[in-house]
Amino acid sequence: VMGNNFLEWQHASPIFLAQPKRHREFLCGEMSKFMVKGVEYICDCVTHIDPEKKLISFGARKSKLTYRACVIATGRRLPLLAPRPGDSLLERMDEVRRAGVAIAAAKTIVLLGAGLIGTEVAADFRLRNRQVERVILVSRTGLALSDTHSVDI
């Protein structure tokens, strides 16, 4: 079960959000290219899981999925850096385009999260947008990379 019928290389999102014309370089919109033979793919949002009946309900799909074991792997929730489950490829491409327009017009960019991803996004946004005067990282601890790197380094 996948929330989208396309794959996107999320680690490249700082590049394609800053340069939306490059979005297609980091995107596979043709499911046949990544589907594994013999695996059934359901591209829809899960709306309900009934653990007693072992049934999964979906948004658009009328039929339910019966399971023996259910592993919920939601991945990272990275607003804007990853597509929202249920969005079509066209909706995602429009979101990337709108973000690119906003980033290109920005003088200041504020990013919440100063971990590995946040610092990479800040660096990529600054590198690709010379008009930006300030990139501000907001951190719970007041330090960048505090969850992964020692201050002694």
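The values are calculated or read from the model by the stated rules, or taken from the named source; none is laboratory data. Just so it is clear, the model here is predicted, and its values are computed rather than measured. Every residue, glycine as well, gets a Cβ built from its backbone with ideal geometry; the counts of neighbours run over all protein chains shown. Heads up: the accessible areas ignore ligands, DNA and RNA and are worked out on the full protein's heavy atoms, side chains in. Shrake-Rupley method; radii C 1.70, N 1.55, O 1.52, S 1.80 Å.
Restricting attention to the stretch 12-52, the residues that are loosely packed, with under 14 Cβ neighbours inside 10 Å and either of a type in the set (Lys, Arg) or in contact with a helix residue (DSSP H, G or I) (Cβ under 8 Å, 6 or more places away or on another chain) (or both) add up to 6.
Quick one: is Ser57 among the hydroxyl-bearing types (Ser, Thr, Tyr) and closer than 15 Å to Leu89 by Cβ?
Values: among the hydroxyl-bearing types (Ser, Thr, Tyr): yes; closer than 15 Å to Leu89 by Cβ: no.
Criteria not met by Ser57.
Scanning the stretch 53-88 for residues that are aromatic (Phe, Trp, Tyr) and either out of contact with any Cys (no Cβ under 9 Å at 6 or more places or on another chain) or open to solvent by 70 Å² or more (accessible area, probe 1.4 Å) (or both) turns up just one, Tyr67. Note on the stretch 1-10: among residues that are in contact (Cβ under 8 Å) with a residue 40 or more places away in the chain and of a type outside the set (Asp, Glu), the one that is surrounded by the most Cβ atoms within 10 Å (Cβ to Cβ) is Asn4.
Residues being over 16 Å from His11 (Cα atoms), open to solvent by 60 Å² or more (accessible area, probe 1.4 Å) and over 21 Å from the mean Cα position of the chain (by Cα) are entirely absent from the stretch 112-121.
Among the candidates Glu91, Glu95, the residue that is among the acidic types (Asp, Glu) and open to solvent by 80 Å² or more (accessible area, probe 1.4 Å) is uniquely Glu91.
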